[in-house]
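Here, each number is a calculation from the coordinates, and none is a lab measurement. Just so we're clear, the structure is a prediction, and the values are computed from it rather than from any experiment. Cβ: placed from backbone, ideal geometry, glycine included. Neighbour counts: every protein chain shown.
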Amino acid sequence: MIKNKKDNIKGILIEGLTLSSALLIIAIILTMITVIVIGGKSQISWEFLTSFPRDGMTKGGIFPAIYGTALLVIIMSVAAVPFGTITAIYLTEYANENSIIAKTIRFAVRTLAVIPSIIYGLFGLGFFIKFVGVQMDNVFMGGQLKWGQPNILWASLTMALLTLPVVIVSVEEALKTVPKELRAASLALGATKWQTIWKVVIPGSISGIMTGTILAVSRGAGEVAPILFTGAAYYVATLPGSFADQFMVLGYHIYVMTTQSANVDQTLPIQFGTTLVLLALTFILNISAIVLRYRIRKKKIG
Amino acid sequence: MAKKTKKGKKSIIDSETGLIDITRKKFRWSDYLAEKLIKGVAFLSITIIALIFFFVFREAFPIFTPDKSQPKTEATNTKDLVQETYGEIVDNSANSNAQETYGEVTDPANSAEVQETYGEVVDTTTQNKTSEKIYQVSSGSGADENRAALKTLLGKEWVPVSEKPRYGILALIIGTFKITIISILFAAPIAILAALYTASFAGKRMKEFIKPAIELLAGFPSVVIGFFALMVLATFLQNIFQYDTRLNAFVGGIAMGIAAIPIIFTITEDALTAVPKTYNEASLALGASKWQTAFFVILPAATPGIFAAILLGIGRVFGETMIALMATGNAPLIGANPFESVRTLAATIGAEMAEVVFGDTHYNVLFLIGSLLFVFTFAINAIAEFYVKGKLMKRIQGK
């Protein structure tokens, strides 16, 4: 084929079109970050981060929301990370890649990843609160209402289900980077399969498990829909002290402040400040996950 | 044990590594238990799917069985309570005309609703408590209401709280599809072209910049995107297009498109890089230029993957709750105008679930909407997974 001028121009145009699409996405990201940083940076102070809301939520800080978010992701990780890691170990170490069981589990994991987060909220309500909680009340509390209502435990467990696929996928990727020779060497030395997994495979993929945990925490900290009616509260005067308490969360705080508070304009700085805190939190988590994963991939190649 | 040794005899050499596999020689209880335990946990994800199916449908089910003696919470005092709380929006016209421009307190209808949801925490817990108690007492008066609700289910009016509640899911479905179309029309071309750029044209350094950036966008909490849409994008777009309602399907669609871009981009990019290098080389060797190869060879070869990417993007937008709640205006209008407010299925659940009486018709209808969303996303994922992947593999393997 003889390249002519017309084709060249067309090529430049088309390449430019694809390039500008990529740049547009970058621009959107940068715009969002800039707007939120500019709007929120004057609000950020030590006091804002460490004090309670005052004067009908129009002044004061967001400490309970930060505390609640931290508690939520901790309980969530405790539930999601072990189960996610074990599932990933099963998929990479035990299951035959082509067996129906492995395929079904993989399909289930991918389905879990695409189910809308609001469905998890409904499930948390229908299963944890209305089923498990009510049963627990009947058995332990003699019918008195304690567990059969929204609280931090049910919210965290709901969130754990949502973040389970995130953990599974990251850990699986990390497990695959452990070289086959290492496993073979361990087995050749007389270790059993479980010993090999416990002493060789898991330590070799600890950074992958970390990545999975970080990504899960970042996802869990930002999601609001699953906890809308499983435990998040608009305002609670005290920090959650037990599993049966309701709690405040950054994301939910942003939502109620922007859409349901009595005076939206007056609380605008707080809204921007809260959004900035949440964004910064997820950013730090995501960037460290990206860096960690980048290292893992490099290790795989090198 | 006998079984194990038999297995060992069959093949003592690992087919993959070519090394002698000693684990099969000796039977150990700890290993056996570990394996069974791990296998059991691995089934958890399947179990969760089954449980979600069961429990979401279970709560939606009473709507279809009006005559069954399902305990209802329709005792008189809770009913009073509901009417009291929702007194403001009994009228249909008030609801649809209000168009709930969140963020502008001047709107009287809006501020009325604000006041009603303010201090919600205390309300819901007490409400739950009363309804919970009555739940156990149970009176069968919900049957009529369920039958009436079932009739209105395919109507176009969504007025769940009134003297004569109408649960026209159709209005919500239309709203959801409208917003999905807008956001995919916005997100898909951008994401696919950007993926094509990253896969075919970009240098190594550019790639290492774009891919993490998009991963970062994927990590944006949807409530942050919703906030951005509500505060900045809505005003910005209104200044450009000069429409009346500040929050509408268009704003919501664009915001959800932003949320869908990372998904479409990532899957498309994967599909594009999965196209064998030989295709690329063959095309270049025949004298085609780089862009011709990208557009006429690589892109067509990856179409099933791109199709899957768009499907999963649709799934993401379809179930998106927070952006819909914050940026679409939340009025159940069904016109074709993209600059009108809409109310989506997911947003309806998110907005109303916290305020319904547990177990009544409205509650069941919300779960029914949830079931619809679940079935839809499940189906989309299944199509993307089986149909598309099979086709892609076939095409790449040249069968």
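Computed extension length for A:Lys10-A:Asp55: 10.0 nm, one decimal, from 0.36 nm per residue of separation with the Cα-Cα distance subtracted.
When region B:253-367 is described by a simple charge dipole with +1 on each Lys and Arg Cβ and -1 on each Asp and Glu Cβ, the residue from B:Gly319, B:Tyr363, B:Ser289 located farthest towards its positive end is B:Ser289. Ordering A:Met248, A:Met159, A:Met210, A:Met141 from the fewest to the most neighbouring beta carbons within 10 Å gives A:Met141, A:Met210, A:Met248, A:Met159. Contact order for chain A, expressed relative to its length and based on alpha carbon pairs under 8 Å spaced 6+ residues apart, stands at 25 percent. Evaluated at q = 0.23, 0.25, 0.30, 0.32 Å⁻¹, a Debye calculation over the C-alpha positions of region A:263-302 (equal weights, vacuum) places log10 I(q)/I(0) at -0.73, -0.77, -0.88, -0.92. Note on region A:41-301: Cα-only Rg and Dmax are 21.1, 70 Å.
The ellipsoid that matches the Cα gyration tensor of region B:172-397 has semi-axes, each √(5λ) in whole angstrom, of 37, 21, 14, with the longest given first. Taken residue by residue and averaged, Cβ atoms of other chains lying within 10 Å of the Cβ of A:215-226 number 4.
The mean count of C-beta atoms from other chains within 10 Å of the C-beta of residues in A:85-91, rounded to a whole number, is 5.
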